[in-house]
Amino acid sequence: MVTIYVGDNTMVEKKRRSFKYFLGHRSPTEILICGFALLILCGTCLLMLPISSRSGEGTAFINALFTATSSVCVTGLVVVDTGTYWSVFGQTVMCVLVEIGGLGFMSFATMFFVLAGKRITIKDRILIQSSVNMDSLSGIVKFVKYIFFSSIIIQTVGALLLALVFVPDFGLATGIGYSVFHSVTSFCNAGFDLMGNFKSFTGYADNYLLNIVICSLIVLGGLGFAVTSDLIYVRKFKKMSMHSKVVLISTGFLLVFGFIFFIIFEFNNPKTMGNLSLHGKFLASFFQSVTPRTAGSNTIDIAGLTEPSIFLTILLMFIGASPGSTGGGVKTTTVAVLLMTVGSVLKGKKDVVVFKRTILGPVIRRSLSVLVIAVGLVFFMIFVLLCTEPGAPFDAVVFEVMSAFGTVGLTMGLTPNLSGAGKIAISLTMFIGRLGPLTIAYAISRSEKHSRENVGNIKLPEGNIMIG
């Protein structure tokens with residue numbers, strides 16, 4: 001009898017095959033979720049190292065996990081002060097996590113493959129399509145290149161302009177570091193800042209340059225790369241895609257709407273804008289209109305807002321940015337489609353028409369599904385946080401949950417004082433908020449396609465349910 005021993009190379013080959021089998025049998029949605037979770041885990045391990053904190057001591061797992069999740073999910077909620085607790089190494093780790101989380105780890109992986117001369121397979125392209133929220137595989141690699149290089153250019157310009165503010169205040173080395181960090185976090189719609197003591201940009205409420213640059217970076221990052229591509233290459237509004245037109249109009253409306261109402265509600269409020277100059281009040285109102293769109297920076301004290309302003313901020317946080325952007329929320333197009341659908345119903349029209357184009361039924365169903373699931377998630381997390389934080393004010397709990405779901409980063413002061421269970425609940429909310437609407441819409445579209453393939457031309461009997 002002859003005994004054959006299997007060598008190490010065979011075992012390695014078996015492991016490699018099993019890994020390929022695992023990837024081959026995972027949907028793009030599952031791979032994206034696992035990828036983001038792995039990135040958060042790696043960030044947590046790095047932030048737990050003693051070198052990541054200014055004190056030289058290791059950071060508790062739950063605080064490192066919360067910070068890594070907030071970074072990867074481009075949120076900006078923190079349990080320790082970013083400017084005073086973390087060392088330069090820790091802040092750099094956070095900045096890198098924000099960049100990867102904002103642009104998407106598949107965008108970075110694709111650029112790595114392209115630069116290394118690797119072939120992008122069809123499976124890779126499908127995964128990239130899910131990551132950047134594109135409808136077609138055509139030109140997907142070219143589009144990822146645009147995402148990568150346009151982001152670098154925009155953030156570089158932003159950093160150079162911010163250097164004009166920070167270098168005179170903090171010196172050359174620190175000023176450049178601050179400029180790069182805030183350019184990255186602003187464009188990626190993350191609310192982290194290095195100002196210290198949780199004060200964000202409240203010391204720059206009257207500074208024209210900082211307000212304009214930060215707001216511009218936030219808006220450009222929140223429009224979505226497909227829209228910025230139209231702005232650069234198409235330019236004329238009439239020739240842009242229907243998606244870009246809806247995004248630009250809805251974004252413009254929300255910015256003007258928020259600006260007007262923040263001026264009305266906060267103009268004489270001594271806790272926020274009351275003591276600012278006239279131009280400072282206008283700058284602060286516009287900044288406050290921009291930042292709830294998933295950015296999270298602030299130039300006024302959020303805890304001092306009037307109740308109508310808090311409600312308005314919560315509404316803007318829930319809507320969020322636009323699809324295919326660095327921001328979160330249920331997205332501007334989701335709300336726009338549903339409002340147009342309601343308008344068509346009230347007018348007695350059969351179809352939803354915008355810019356002489358009919359919005360298809362699957363788009364409306366996906367929009368409704370995203371909204372309903374988002375509302376259900378927010379209500380559930382509010383209930384959880386009310387249980388874990390029994391002494392917290394109700395409005396602060398609602399505000400914090402909405403900020404986490406919309407990946408915003410604004411806070412009324414509750415997050416740094418959360419219990420361990422509360423930190424886990426908010427971390428989970430940030431994670432679902434970053435991936436939820438995108439992956440839900442993709443999963444629904446896949447299931448609809450699968451059902452059409454299986455059912456074919458068979459139509460089941462119709463039923464009726466009374467509504468209203």
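The values are calculated or read from the model by the stated rules, or taken from the named source; none is laboratory data. In this text, all values refer to a predicted model and were calculated from it rather than measured experimentally. Glycine also receives a Cβ, built like all others from the backbone with ideal geometry; neighbour counts cover every protein chain displayed. Calculation scope for accessible area: heavy atoms of the full protein, side chains included, ligands and nucleic acids excluded. Shrake-Rupley method; radii C 1.70, N 1.55, O 1.52, S 1.80 Å.
Things worth noting here:
Here's the yes/no breakdown for (1) surrounded by 15 or more Cβ atoms within 10 Å (Cβ to Cβ); (2) in contact with a helix residue (DSSP H, G or I) (Cβ under 9 Å, 6 or more places away or on another chain):
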{"position": "T358", "(1), (2)": "no, no"}
{"position": "I364", "(1), (2)": "yes, yes"}
{"position": "V375", "(1), (2)": "no, yes"}
{"position": "L385", "(1), (2)": "yes, yes"}
{"position": "A404", "(1), (2)": "yes, yes"}
{"position": "G409", "(1), (2)": "yes, yes"}
{"position": "L414", "(1), (2)": "yes, yes"}
{"position": "G422", "(1), (2)": "yes, yes"}
{"position": "G433", "(1), (2)": "yes, yes"}
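- Counted residues, segment 231-258 - those being assigned to a helix (DSSP H, G or I), surrounded by 19 or more Cβ atoms within 10 Å (Cβ to Cβ) and among the hydrophobic types (A, V, I, L, M, F, W, C): 3
- So S403, is it over 22 Å from M317 (Cα atoms) and at pLDDT 90 or above: no
- One residue stands out among those in segment 286-330 that are out of contact with any Asp or Glu (no Cβ under 7 Å at 6 or more places or on another chain), of a type outside the set (A, V, I, L, M, F, W, C) and in a helix (DSSP H, G or I): the one that is surrounded by the fewest Cβ atoms within 10 Å (Cβ to Cβ), which is E307.
- Qualifying position, being touching a residue at least 60 places away in the same chain (Cβ under 8 Å) and over 27 Å from T185 (Cβ atoms), among P362, P323: P362
- Boolean, G304 is under 19 Å from the mean Cα position of the chain (by Cα) and not aliphatic (A, V, I, L, M): no
- Residue within segment 210-230 that is touching a helix residue (DSSP H, G or I) at 6+ places or on another chain (Cβ under 7 Å), among the polar types (S, T, N, Q), in a helix (DSSP H, G or I) and closer than 27 Å to V78 by Cα present: yes
- Residues being without any contact (Cβ under 8 Å) to a residue 60 or more places away in the chain and open to solvent by less than 10 Å² (accessible area, probe 1.4 Å) - total across segment 183-210: 2
- Segment 387-402, residues that are farther than 20 Å from G296 by Cβ, part of a helix (DSSP H, G or I) and either touching a Gly at 6+ places or on another chain (Cβ under 7 Å) or open to solvent by less than 10 Å² (accessible area, probe 1.4 Å) (or both): T388
- Considering V219, V213, the condition of being at pLDDT 95 or above and open to solvent by less than 50 Å² (accessible area, probe 1.4 Å) is satisfied by V213 alone.
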